[in-house]
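Beneath this line is the structure, given in structure tokens, with notes to follow.
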Amino acid sequence: QVQLVESGGGLVQAGGSLRLSCAASGSGFSINAMDWYRQAPGKQRELVAGIASSGNTNYANSVKGRFTISRDNAKNTVYLQMNSLKPEDTAVYYCRADGTIGPRKRYFELWGQGTLVTVSS
């Protein structure tokens, strides 16, 4: 079984920075892609940034140049460095990961519990 645990959310003033972390734990698994999504009140969940096992990244236009996604494969951990934060970045941020587990390499997809980021103006 695999679990995702997120950390790093909080309250920050506009222009400030935060770093989110998401660690996958368990045994017998291999992670492929890891992503960060967010959901603001009254809005749909949206993709913020993603990183493949190869290291290729993609970003939402709204965060390009401000956010950086990275991963430590040895720790099965993905990070989201968020700089120049704006009030409109306020949302619950969710980590998502997919991969395979077990000797039959069964596919799995997991979501973290979410971490709240609040940016004050």
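Does residue 39 meet the test of being touching a residue at least 40 places away in the same chain (Cβ under 8 Å), open to solvent by 40 Å² or more (accessible area, probe 1.4 Å) and touching an Asp or Glu at 6+ places or on another chain (Cβ under 7 Å)? Break it down stepwise before answering.
Working: touching a residue at least 40 places away in the same chain (Cβ under 8 Å): yes; open to solvent by 40 Å² or more (accessible area, probe 1.4 Å): yes; touching an Asp or Glu at 6+ places or on another chain (Cβ under 7 Å): no.
Taking the combined requirement at face value, the residue does not satisfy it.
Which count do you get for residues in the range 24-58 that are farther than 20 Å from residue 106 by Cα and either β-branched (Val, Ile, Thr) or within 11 Å of the chain's Cα centre (by Cα) (or both)?
Matching residues across the range 24-58 total 9.
Residue-wise test of (1) closer than 23 Å to residue 16 by Cβ; (2) open to solvent by 10 Å² or more (accessible area, probe 1.4 Å); (3) not in a strand (DSSP E or B).
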{"position": "50", "(1), (2), (3)": "no, no, no"}
{"position": "63", "(1), (2), (3)": "yes, no, yes"}
{"position": "74", "(1), (2), (3)": "no, yes, yes"}
{"position": "92", "(1), (2), (3)": "yes, yes, no"}
{"position": "96", "(1), (2), (3)": "no, yes, no"}
{"position": "107", "(1), (2), (3)": "no, yes, no"}
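Of the residues that sit in the range 1-23 and are within 15 Å of the chain's Cα centre (by Cα) and over 24 Å from residue 86 (Cβ atoms), which one is surrounded by the fewest Cβ atoms within 10 Å (Cβ to Cβ)?
Among residues in the range 1-23 that are within 15 Å of the chain's Cα centre (by Cα) and over 24 Å from residue 86 (Cβ atoms), the one surrounded by the fewest Cβ atoms within 10 Å (Cβ to Cβ) is 3.
Quick one: which of 14, 49 is touching a helix residue (DSSP H, G or I) at 6+ places or on another chain (Cβ under 7 Å) and under 30 Å from residue 121 (Cα atoms)?
Just one listed residue meets the conditions, 14.
Inside the range 73-103, can you point out the residues that are modelled with pLDDT under 95 and more than 16 Å from residue 26 (Cβ to Cβ)?
none
Evaluate the range 37-58: report whether one residue or more is modelled with pLDDT of 95 or more and in contact with a Cys (Cβ under 9 Å, 6 or more places away or on another chain).
Yes, because at least one residue in the range 37-58 is modelled with pLDDT of 95 or more and in contact with a Cys (Cβ under 9 Å, 6 or more places away or on another chain).
The values are calculated or read from the model by the stated rules, or taken from the named source; none is laboratory data. Being a predicted model, the structure only gives us computed values, none of them experimental. Note that each Cβ is placed from the backbone with ideal geometry, even for glycine, and that neighbours are counted across all protein chains shown. Accessible surface areas use protein heavy atoms only, side chains included; no ligands, DNA or RNA. Shrake-Rupley method; radii C 1.70, N 1.55, O 1.52, S 1.80 Å.
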